[in-house]
Amino acid sequence: MVDIDLEIPTTFDPFAEAKDSGAPGAKEYVHIRIQQRNGKKSLTTVQGLKKEFSYDKILKDLKKEFCCNGNVVQDKELGKVIQLQGDQRKNVSQFLINAGILKKDQIKIHGF
């Protein structure tokens, strides 16, 4: 018989070592998304803020600044998520940058 050395291909993640290291491309992002509810109604979600921030204080300032309602939701997978009424994506990103909470390159805006 002939012995053949075969390697079965497995899934390869080219960025696996970048996730483990402290490389510049491996930073954590804050995701600002919009979800369509019904009709013209929409919901803005802010996810990925560091745990050391007080979500309730940030929410209170956001609500006062943009005259909208909102709440903090505890999710099993995502952790704490801030929800705001309406399309507040650009407003929230500018607020977080101006308040010194985040830098512009740490924010990802998703939606339409």
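Annotations for the structure displayed:
- Hits among lysines - C-alpha to C-alpha of Lys104 under 16 Å, sequence gap 8 or more where chains match: Lys27, Lys50, Lys90
- Highest average packing first - 85-94, 56-65, Cβ atoms within 10 Å: 85-94, 56-65
- In order through the stretch 90-104: 3J(HN,Hα) via Karplus (6.51 cos²θ - 1.76 cosθ + 1.60), integer Hz, x for Gly, Pro: 5, 4, 5, 5, 5, 4, 5, 6, 5, 6, x, 6, 9, 9, 4
None of the figures in this text is laboratory data; all of them are computed from the coordinates on show. Nothing here was measured: the structure is a model prediction, and the numbers come from that model. Positions of Cβ are backbone-derived with ideal geometry, glycine not excepted, and every protein chain shown enters the neighbour counts.
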